[in-house]
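*Asks:* Take a look at this one; I'll ask things after.
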Amino acid sequence: MSSFSDLIKTLDQPDNAVQLRHLGATADVLKYAPPRLRADAGDQVVARAVADAAYWRERAFKAETKLRALETRVQQLAKRAQGR
């Protein structure tokens, strides 16, 4: 009986919702489940997170490239100013 009560407790915890997918529930049963327990909802969240990470990685790369170009330009100007 304790395993059943443990299962009920995990239903209330969103962190453990993904683990419940592996209990052998079929797609027919999961279609009546709350969205946080459905396989598609979890997959969509992961896909969105991967896309967001790629977007921010690209922005960071562009920003770092611009900063390096600016740093090089400032160093060149500083050398010219010292030479005068």
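Each reported figure results from applying straightforward, stated rules to the coordinates on display, with no laboratory input. Source: prediction; values computed, not measured.
*Asks:* Report the full-extension gain for the segment Leu67 to Ala47: residue separation times 0.36 nm, less the Cα-Cα distance, to one decimal in nm.
*Replies:* Working it through step by step, the gained length comes to 4.2 nm.
*Asks:* Continuing with this model, one more query. Pop out the ³J(HN,Hα) list for the range 46-53 in order, Karplus 6.51 cos²θ - 1.76 cosθ + 1.60 with θ = phi - 60°, rounded to Hz; leave Gly and Pro as x.
*Replies:* My calculation for the range 46-53 gives 5, 4, 5, 5, 5, 5, 5, 4 Hz in order.
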